[in-house]
Amino acid sequence: MRRVFAPLGLTVLLLLPYRVALGQAPMRPEFDVVSIRLDDAATGGAGDKFPSHGTWKWTRIPLSFLVSYAYDVALNQVVNVPGKFQTREVAFDITAKMAADVGDEQFRAMLQAMLADRFAFAMHREVRELPVVAIEAAKGGAKLKPASGECVSIPRAAKLPEGQSRCGEVAFSIQMKDGVMRSTYTGRSISVGDLALALSDNGPVVDATGIQGLYDLDVLIETPLPSSPRDADEAAGREFEYHRVFNAAFEKQAGLRIDRGKLTKHPVPVIVVDHVELPTPN
């Protein structure tokens with residue numbers, strides 16, 4: 001799935017090689033090759049959240065995105081980012097090479113090692129009260145389908161066989177045709193917690209349903225094909241309307257309420273940036 005910057009919230013078991021010689025610490029997972037270049041073009045960026053076929057590439061990734069991917073948290077769960085790293089002029093073009101079978105957690109560990117080595121990155125974890133979106137069971141109860149088991153258990157970095165779904169993953173796709181934008185959320189053998197995590201890119205989403213077990217999910221959201229808004233009021237109106245249609249689709253098709261316009265305070269783990277520098281040269 002390809003991801004691009006947009007204002008709309010339209011968002012393992014780890015086996016590592018160990019040194020066995022006495023007194024040597026376990027080897028950190030690291031990229032085979034990594035190139036990092038400061039990109040000050042002040043334009044939009046794009047890339048893949050997970051590597052594909054042994055390559056991970058991003059054009060103009062901000063530091064906050066990089067940290068959120070490395071530590072598997074939403075963007076607003078990365079706090080205390082220095083101001084100079086929050087300007088449009090400071091983003092990074094990154095290309096990294098690794099083994100094709102690297103798993104999700106190993107990839108994140110590689111990102112963390114890269115941050116420490118190239119950005120002199122240091123952080124600590126805290127729990128803070130943040131505004132979150134809560135997934136709740138709709139009136140009448142959830143309408144989730146029990147898991148069919150029709151999925152494959154492979155890392156996100158591995159190529160997914162054509163026509164297959166990855167177990168535990170919520171996939172998002174968009175199709176634009178005949179003046180209509182069709183957004184689809186599909187999951188096989190997922191928990192409600194998996195859905196909350198998949199929707200957390202732009203801010204924390206928590207599972208408040210109490211529903212246990214694994215389910216299959218298919219939710220289709222249809223909206224008119226968007227055009228460039230004339231002003232801020234029109235843009236805000238479109239976002240409000242999308243949130244309304246989004247919630248109505250999940251409520252009708254899955255029996256879940258996900259009201260993005262209703263935020264409640266909830267204890268959430270955060271990554272607090274203690275130190276970071278511009279990356280060392282390649």
Among Gly163, Ala138, Met176, which residue has its Cα positioned farthest towards the positive end of the charge dipole of the range 130-265, with +1 placed on the Cβ of Lys and Arg, -1 on the Cβ of Asp and Glu, and the dipole taken about the Cα centre?
Ala138
Where does each of His266, His53 land when they are ranked from fewest to most other beta-carbon atoms within 10 angstrom?
His53, His266
Starting from 0.36 nm per residue, how many nanometres of slack lie between Ala99 and Lys143 once their C-alpha separation is accounted for?
11.8 nm
Kindly provide the helix-only [θ] at 222 nm of the chain, computed as the sum of -39,500 (n - 2.57) over DSSP H runs of four or more divided by all residues, to the nearest 500 deg cm²/dmol?
-6500 deg cm²/dmol
Tell me the label only: which of (i) 1, 5, 10, 15, 16, 17, 15, 11, 6, 2, 1, 0, 0, 0; (ii) 1, 5, 12, 16, 18, 17, 13, 8, 4, 2, 1, 1, 1, 0, 0, 0; (iii) 1, 5, 10, 12, 12, 12, 11, 10, 9, 8, 5, 3, 1, 0 is P(r) over Cα pairs in 5 Å bins from 0, in percent as calculated from this structure?
(i)
Given charges at beta-carbon only (K, R positive; D, E negative), |dipole| of the range 130-265 in Debye:
220 debye
Would you order Leu115, Leu38, Leu199 from fewest to most other beta-carbon atoms within 10 Å of each residue's own beta-carbon?
Leu38, Leu115, Leu199
Relative to the Cα centre, what is the charge dipole magnitude of the chain, using +1 at the beta carbon of each Lys and Arg, -1 at the beta carbon of each Asp and Glu, and rounding to the nearest 20 debye?
180 debye
Would you please state the base-10 log of I(q)/I(0) at q = 0.20 1/Å for the range 130-265, with intensities from the Debye formula using one equal scatterer on every alpha carbon?
-1.27
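FYI, it's all coordinate maths here, none of it is from the lab. Predicted, not measured: the structure shown is a model, and the values here were computed from it. Cβ coordinates were reconstructed from backbone atoms using ideal geometry, including for glycine residues, and neighbour counts include every protein chain displayed.
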